[in-house]
1. Going by how many other Cβ atoms sit within 10 Å of their own, how do W188, W113 line up, fewest first?
2. Take the cross-link list K211/K376; K117/K247; K33/K252; K370/K438; K305/K376 and give me the ones stretching past 30 Å between alpha-carbons.
3. Tell me, what ³J(HN,Hα) does each residue in region 179-185 have, in order and in whole Hz, if you take phi through Karplus 6.51 cos²θ - 1.76 cosθ + 1.60 with θ = phi - 60° and put x for Gly and Pro?
4. What order do you get for V214, V320, V80 when you list them from fewest to most C-beta neighbours inside 10 Å?
5. Rounded to whole Hz and in sequence order, give me ³J(HN,Hα) for region 387-402 from the Karplus expression 6.51 cos²θ - 1.76 cosθ + 1.60, θ = phi - 60°, writing x for Gly and Pro.
6. Can you give me the Rg/Rh ratio for the chain, using Cα atoms for both radii and the Kirkwood formula for Rh?
7. Using the count of nearby Cβ atoms within 10 Å as a rough guide to exposure, how do Y44, Y433 rank from fewest to most?
8. Can you run phi through the Karplus equation (6.51, -1.76, 1.60; θ = phi - 60°) for region 452-467 and list ³J(HN,Hα) in whole Hz, with x for Gly and Pro?
Amino acid sequence: MPLSRLSKNIIYNFFGQGLLLVLGFIAVRYIFKQLGEDALGIIYFTLTINAVLCAVLEMGICSTIIREVAAHFDNQLGYVRDLIRSFSSFYWIAYVLLAAVIYFGAPILIDKWITLKTIDAGMATQVLRIMGISSLLALPRSLYASLFRGLQRMEFNNIIDVASSALQQLGIIVILAFGGGLLAVAYWFVISFGIGILSYILAARRFFPWKAFVPGYCPVVVARNLRYSFGAMSISLLSMIHMQSDKIIMSKLLPLSLFGFYGFAYSAVSKTTLLTSAVAQAAFPSFSSIFKTGDRDNMMSQYRKLHDLICFGAVPFFGVIPFVALPVFGFVFNPDIARMLLVPITFLALGFYMNGTLNVPYVFSLAAGKPEVSAKSNFLALFIVLPATGLLIYFFGLSGAGFSWVLYNLFSYLYAVPIICSECLLLPVREWYTHISKIFVVTTLTYGIGWIFVEFMGSYSIVSLVLAYTGATIVFLVCAYFMISKELRETLFEYLKFIKIKFPILNK
């Protein structure tokens, strides 16, 4: 059987994000070794600030674009064109406003918020302005990227993202190899971000007329999508606050150098969501398209397959993190910093896995037109999780920051999941909790025993780490085979048959 569009998109996203994970390690080592801790810190501080600002004015447009393009591209192209024009106007206006905020606010942030050790305030301000304004292009770029997700043609997203990231990393390495400094690196970010957004526009031109990329305004289109966009905006904004709050608070309470180490660790661990993100990004337009037809049985069958694919398939990706943390971060930084990051990284891995298990229920609720469920959950978490995050960082430093991400997802388990189960999935919430609990028990036993083996050996050598992780993963996958849903097991067997037919050499 040929691969479905959903399967192709999952594969494109998986390998594309996997390459981005590898590329992310390359330039950081050079920056740390040649420019120092503060240079690394100011780069990640700038990217964090921009992520928060972009979320503030994202306005739920990306989710709306994906949903509407998936549902209406084939039969209402004029409407889709007006949708792109109207929302691109919002994004480019937002870009100009945020650029002004960064330009005039940079000196205040440098003077009043962060603690510098090795670079002066003037240089830090200049770098923050250059990198901040250029990286804000991520805001309109996300709109054009959403077009391909809505079309379910995610090979374009991944080719462009991997190519632009590779170009950015290579440029940084070349600049530093020839003796360039922090300013030269900052200006290279300007060029690479510009190339990225231009690539998206040119690629999107294959599916949409040039007129679709000229900013405009259609009040009918805006009114039609206002309610849904507002709900999606609330989710995007509040989720970003929770995802970045640990780093924002840390940048005030801890030295900038520690912020840089944690920021890179957070970024590296977040990239291991390659399976959960790949599935979620592919599932949203697929669910939206099916929901329009009213075929609930098909939606639920797809939900069970994709949810199990994430819940079981993601475990080896997150389980490997504690086993590779010491050698990988020891190589990028040094062994002392790697040991300091081990506990925070382990908490981050657990938090991102928990977040991944929520991805498919979350996109299901979006496709069903219920963004307010997650929006309300995130709003309430502001009053519970956010204060706890500050206390955790104040008393426990980096480890407290990592654990705050676990706490946030635990709150979502307790509040959002019951509502999504009852209002969207129409499943008993006990069934959802029981399923997840079994996975956590098996994961804890297998990988926990693997880590006990490493401790028993008294050596953190690569050989002992590889043996422990490999053994734990084999045992987990055997257990998972008997626990996954019938739909996923049948689909895996079908694809295995397809591979054998496609590559007959494997039968020999």
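Where a number appears in this text, it was derived from the coordinates with a stated rule and is not lab data. If you're wondering where the values come from, they're calculated on a predicted model, not measured in any experiment. Note that each Cβ is placed from the backbone with ideal geometry, even for glycine, and that neighbours are counted across all protein chains shown.
1. Numbers: W188 21, W113 13.
By the 10 Å Cβ count, ascending: W113, W188.
2. Values: K211/K376 37 Å; K117/K247 18 Å; K33/K252 24 Å; K370/K438 28 Å; K305/K376 27 Å.
The pairs that break the limit, which is 30 Å between Cα atoms, are K211/K376.
3. x, x, x, 5, 5, 4, 5
4. Details: V214 12, V320 19, V80 24.
Going from sparsest to densest Cβ surroundings: V214, V320, V80.
5. Once rounded to whole Hz, the list reads x, 5, 4, x, 5, 4, 5, 4, 8, 10, x, 4, 5, x, 4, x.
6. On the way: Rg = 22.7 Å, Rh = 23.9 Å.
Answer for the chain: 0.95.
7. On the way: Y44 24, Y433 15.
Exposure proxy ranking, most exposed first: Y433, Y44.
8. With coefficients 6.51, -1.76 and 1.60, one gets 4, 4, 4, 5, 5, 5, x, 9, 9, 5, 4, 4, 5, 5, 5, 4 Hz.
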